[in-house]
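See below for the structure under consideration.
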Amino acid sequence: MDAPEPVPEITLPLSKIIKGDNPRRYFDRAKHEELVASIRRRGVLQPILLRPKDGFFAIVAGERRYRASLEVYGPEGEIPVVIREMTDQEALEAAIAENHDRDNASETEQADAAVRVLAACQGDRAEAAKRLGWSRTMFDRRLALAELSEPVKTALDERRIKVGHAELLAAVPKDKQDKALETILTAQLDVAKTQELLKRVTQDLASACFDKSECTRCPYNSATQRALFETHVEDGYCTNAGCFQIKTEAAEVIRFEKEAQAEAAARAALATSADDEGADTADTELDTAPPAASQDGEGGGEPPSVQSEANPSSAPAPVSPAKASQSAPKPGVTAKSLAARTKELREATWRTALARALAGNVDHARTTILVAAMSGSLSQIKAETLTSRASLLVGDNFRDLDYANRIAEIQVLPDARSANILSVIGAAYAKDVLNFSHVADLARVFGVDLRDSWQVDQAFLERYTKDELSFIAQECGLVAHIGAKSFARLLASKKTELITGMLNRIGFDWAGRLPGAMTLDSTYGPPPDPTPVPDEAPARVAELVA
């Protein structure tokens with residue numbers, strides 16, 4: 001590409017010159033005084049580059065010379081200039097190159113320049129790095145430094161801290177950086193001491209009680225920082241204590257809710273267990289005859305009712321009606337009748353599952369919030385659910401700010417923090433919305449699978465009668481697994497022994513089996529088939545596009 005034609009040098013009054021869009025943030029006072037002295041002795045030896053703008057001429061390159069000349073000559077003095085027509089983007093790139101070539105721009109100035117060029121490139125980092133003439137690694141590092149607070153940027157510009165300090169502070173949420181900077185400056189901590197201090201206040205991800213899958217992409221994960229910076233905390237730590245605490249609290253809430261559900265289930269079971277124990281006692285009193293011998297001559301094998309089915313010709317002793325009724329559930333027991341008794345547990349469990357899903361997917365959380373707002377139900381989120389956590393979600397002083405300043409705080413939130421807040425709001429809606437059908441619809445649309453977080457356990461089974469337990473065993477495949485006769489023997493035992501036998505049957509796994517009482521449509525949910533169906537997907541696609 002041919003170089004641009006040289007433009008004749010002219011002089012221009014300083015009053016006609018205005019500051020341009022210079023990426024330089026800091027001008028060293030000592031160097032400024034040296035330049036002033038040089039201009040007093042020799043004048044301005046090299047013209048500054050200008051472009052026409054709004055009836056004046058804006059500086060593209062040479063602001064230090066302009067500032068020094070203004071001090072030497074005043075606004076009516078004239079200096080040599082070169083005037084060139086340039087677009088905003090061309091002027092920005094020329095200013096960045098000028099600063100880099102003449103008097104290396106500070107890292108924060110380069111960071112701000114990276115942000116602006118990236119915006120001009122519609123988020124294409126490779127193109128932005130190319131325009132700046134930087135490697136992709138340098139571009140990513142400088143872009144990460146753009147997350148520094150203004151006081152930290154100024155401290156680095158003025159060389160009161162080193163680049164290593166800045167890289168460590170860039171890994172800390174912006175609302176915590178100023179306090180950390182104050183500690184560094186007051187205690188005069190070097191980079192190594194700062195690194196050691198930062199590690200002491202980070203959170204060990206290995207000890208986290210929540211799902212850490214989204215942490216792998218988080219900028220506050222020390223592993224991510226290692227990929228960007230030469231100075232970083234060792235792998236496996238979270239430098240965003242607020243986010244770590246929110247996720248920990250959410251996990252604890254889920255744990256507490258499960259414990260509360262278990263306690264409620266146990267209390268409900270007490271009401272039914274007394275009736276069942278009474279039935280067991282009645283059975284014992286009625287069934288006074290010794291056990292009938294099995295077909296192979298061994299006594300005490302199967303309940304009389306089951307032996308009669310297996311071998312009608314061997315007429316056993318008469319069986320009590322109470323005992324016989326235990327071999328099969330009563331006709332009136334259905335998934336819907338069980339669901340009616342499990343309503344509180346089912347709804348609470350689905351709310352928790354949806355909240356967890358929304359907390360981990362910001363796109364689904366955003367959809368939930370928009371639908372709720374447009375449907376008039378967003379206001380059902382309890383105010384204290386969010387306001388009590390504002391200091392963690394936004395910043396320590398958020399609750400003390402007036403409304404205008406709260407707007408300003410929200411506007412400058414990093415994308416990662418904004419996404420986290422949306423997820424928290426979505427999860428809060430799942431817990432607080434009054435109409436459970438909204439929860440059910442969201443869970444269906446987003447494919448929430450209750451099997452990911454819940455399975456049949458003792459507390460669940462204890463709330464049911466023996467007839468209902470028999471229905472659940474048949475529905476979930478336990479009867480088919482062990483055989484009707486074996487289950488009839490198990491059903492004849494006391495309820496506590498029945499539940500223990502159901503949960504601990506060798507070769508039978510309850511994981512992934514959802515009784516109809518816990519599903520959204522009262523239909524049994526079998527475990528997912530682990531084996532893919534061959535050749536059907538291409539045929540289905542062809543069918544859909546035909």
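Where a number appears in this text, it was derived from the coordinates with a stated rule and is not lab data. Remember, predicted model here, so these are calculated numbers, not experimental data. Cβ: placed from backbone, ideal geometry, glycine included. Neighbour counts: every protein chain shown.
Computing FRET efficiency as 1/(1 + (r/R0)^6) for GLU90 and ARG366, where r is the C-beta to C-beta distance and R0 is 41 Å, gives about 0.65. Got a sec? Which residues in segment 55-78 would a label at ARG42 touch, if it sits 7 Å along Cα→Cβ and we count backbone N under 18 Å? Correct set: 62-70, 72-73.
Per-residue packing, averaged as other Cβ atoms within 10 Å, sorts the ranges 38-44, 129-135 into the order 129-135, 38-44, beginning with the highest.
Extension gain, THR248 to ASP190: 0.36 nm times the residue separation minus the Cα-Cα distance gives 17.6 nm. Residues whose amide H falls under 5 Å from that of VAL60, counting only those 5 or more places apart or on a different chain, are LEU49, LEU50, ARG51, with hydrogens built in the peptide plane. With the convex hull constructed from alpha-carbon coordinates only, segment 362-445 shows a mean projected area of 5.7 nm² over all directions.
When each of the peptides 410-421, 58-69 is scored by the mean number of other C-beta atoms lying within 10 Å of its residues, the order from highest to lowest reads 58-69, 410-421.
Take each of the peptides 397-406, 456-465, average the number of other beta-carbon atoms within 10 Å over its residues, and list them starting from the highest. Before the final figure, lay out each step's value.
On the way: 397-406: 11.6, 456-465: 19.7.
Averaged packing, sorted descending, gives the order 456-465, 397-406.
Using the Cβ-Cβ distance between ARG341 and SER418 with R0 set to 51 Å, the FRET efficiency from 1/(1 + (r/R0)^6) comes to roughly 0.75. Once both labels are positioned 7 Å from their Cα atoms along Cα-to-Cβ, the gap between ASN504 and LEU401 label points is 5.7 nm.
For the cross-link pairs LYS53/LYS130; LYS336/LYS431; LYS31/LYS174; LYS16/LYS53, the ones whose C-alpha atoms lie over 21 Å apart are LYS53/LYS130; LYS336/LYS431; LYS31/LYS174. Label separation (LYS53 vs ALA373): 3.5 nm, computed from points 7 Å beyond Cα along the C-beta direction.
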